[in-house]
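In what follows, a structure is listed as structure tokens, so that the remarks can point back to it.
The values are calculated or read from the model by the stated rules, or taken from the named source; none is laboratory data. Predicted model only: the values in this text are computed from it and were never measured. All Cβ positions, even for glycine, are placed from backbone atoms using ideal geometry, and neighbour counts span all protein chains on display.
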Amino acid sequence: MLWFKDGDRNTVFFHTLVKRINNSSGIHRLWIDNEVIEDPKLIEDHILDFYKNLYVEFISNVQDTSNMEDFISTYIPELVSSEENMMLVKCPEFLEIKNVVFNLNGNSAPVLDGFGCVFYHSCWEIIGTNVCNVVQQFFKQNWVLPRMNSNVMSLIPKIQGVESIKDYKLVVVANFKFKIISKILADMLALVVARIISPNQYGFVQGRHI
């Protein structure tokens, strides 16, 4: 009832609610090496090191392989034909890029650059050609422009009373231009994905459940 009455008005109730949310959403302590740490700088460094090491471990293992072709042929069966592979890496046309942009959620939150999907929808006549050129650049040159794939990362507690960084779920929010590329790749992959995913991973195929 207080929320319906006072809502987001500039009241003591509103500021108390915001303060309580801010206090509960921070990470104030973590178990690190069998010790409870409350220093914000040590917590920050630990979280950064945890995710850096998590994603570097697999890459370093692959890089240690002397012959990459042997590694791939040994562990990854060949399920995609040459024609399908050409389809998966082809450069999208302007109309295809525009359709992807307008099929994405207009209410998605803007990230680092401050421009959400609704901006792209409303200003397409002005920025459409530039956006398409940026997306096509990725497919033609096989690299992403600097900071395009910069993301906002949030840690969501999996359980109450979390004590370890492993008790948090990582949620990443990407810049919209990067979402366009991801969506195009996903749409292409959808044509063959049901055939290349193993039976015990069918929970990730559209229309199927674990």
Checklist entry - Taking only pairs six or more apart or across chains, which ones have beta-carbon atoms under 9 Å, a first residue in region 18-45 that is closer than 15 Å to ILE165 by Cβ, and a second residue that is at pLDDT 80 or above and acidic (Asp, Glu)? => result ILE27/GLU44; HIS28/GLU38; ARG29/GLU38; ARG29/GLU163; LEU30/GLU38; LEU30/GLU163; TRP31/GLU163; VAL36/GLU163
Next on the checklist: Being of a type in the set (A, V, I, L, M), at pLDDT 80 or above and more than 15 Å from the chain's Cα centre (by Cα) narrows it down to one residue among ALA190, ALA194; which is it?
Outcome noted: ALA190
Checklist entry - Which of the residues belonging to region 68-106 are farther than 26 Å from VAL134 by Cα, assigned to a helix (DSSP H, G or I) and among the aliphatic types (A, V, I, L, M)? => result MET68, ILE72
Next on the checklist: Condition check: in contact with a Ser or Thr (Cβ under 8 Å, 6 or more places away or on another chain), modelled with pLDDT under 85 and part of a strand (DSSP E or B). Does VAL152 satisfy that?
Outcome noted: no
Checklist outcome for this item: Screening GLN160, GLN137 for residues that are at pLDDT 90 or above and not hydrophobic (A, V, I, L, M, F, W, C) leaves only GLN137
Next on the checklist: Pairs needed: first member in region 176-200, farther than 15 Å from ASN151 by Cβ; second member anywhere, exposed (fewer than 11 other Cβ atoms within 10 Å of the Cβ) and among the aromatic types (Phe, Trp, Tyr); C-beta distance under 9 Å; at least 6 residues apart or different chains.
Outcome noted: VAL193/PHE204; ILE197/PHE204
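Go through the residues of region 116-132 one by one and say whether even a single one is outside any helix (DSSP H, G or I), of a type outside the set (Ser, Thr, Tyr) and closer than 30 Å to GLU44 by Cβ. Write out each step before concluding.
Initially, region 116-132 is screened for residues outside any helix (DSSP H, G or I), giving 116, 123.
Those still in the list that are of a type outside the set (Ser, Thr, Tyr) too: 116, 123.
Filter once more, keeping what is closer than 30 Å to GLU44 by Cβ: 116.
Checking region 116-132: at least one residue is outside any helix (DSSP H, G or I), of a type outside the set (Ser, Thr, Tyr) and closer than 30 Å to GLU44 by Cβ.
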Checklist entry - Just wondering, is there one or more residues in region 71-85 that are acidic (Asp, Glu) and modelled with pLDDT under 80? => result no
Next on the checklist: Can you list residue pairs whose Cβ atoms sit under 9 Å apart, with the first residue in region 158-174 being part of a helix (DSSP H, G or I) and the second being not hydrophobic (A, V, I, L, M, F, W, C)? Count only pairs 6 or more apart in sequence or on different chains.
Outcome noted: ILE165/HIS46; ILE165/TYR51; LYS166/LYS158; ASP167/PRO157; ASP167/LYS158; ASP167/GLY161
Next on the checklist: List pairs: first residue in region 81-101 and in contact (Cβ under 8 Å) with a residue 12 or more places away in the chain and closer than 16 Å to GLN137 by Cα, second residue outside any loop (DSSP other than H, G, I, E, B) and small (Gly, Ala, Ser) anywhere in the structure, Cβ distance under 9 angstrom, at least six positions apart or on different chains.
Outcome noted: PHE94/GLY128; ILE97/GLY128; LYS98/GLY128
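Please specify each residue of region 102-128 satisfying the condition of being in contact with a Cys (Cβ under 8 Å, 6 or more places away or on another chain), touching a residue at least 60 places away in the same chain (Cβ under 8 Å) and loosely packed, with under 12 Cβ neighbours inside 10 Å. It would help to see each step written out before you state the result.
Within region 102-128, the subset in contact with a Cys (Cβ under 8 Å, 6 or more places away or on another chain) is 104-108.
Retained after the next criterion (residues that are touching a residue at least 60 places away in the same chain (Cβ under 8 Å)): 104, 108.
Result: no residue meets the conditions.
Return a yes/no flag: does region 53-61 have any residue that is in contact (Cβ under 8 Å) with a residue 24 or more places away in the chain and surrounded by 11 or more Cβ atoms within 10 Å (Cβ to Cβ). I'd like the intermediate steps shown before the answer.
First, the residues of region 53-61 that are in contact (Cβ under 8 Å) with a residue 24 or more places away in the chain: none.
No: zero hits.
Restricting attention to region 155-171, which residues are in contact with a Phe, Trp or Tyr (Cβ under 9 Å, 6 or more places away or on another chain) and either of a type in the set (A, V, I, L, M, F, W, C) or under 26 Å from GLY114 (Cβ atoms) (or both)? Give the steps one after another, and end with the answer.
Residues of region 155-171 that are in contact with a Phe, Trp or Tyr (Cβ under 9 Å, 6 or more places away or on another chain), as a first pass: 155-158, 162-166, 170.
LEU155, ILE156, VAL162, ILE165, LEU170, listed by residue number.
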Item to check | Those residues of region 28-44 which are closer than 19 Å to MET153 by Cβ, in contact with an Asp or Glu (Cβ under 9 Å, 6 or more places away or on another chain) and outside any strand (DSSP E or B), in sequence order | outcome: HIS28
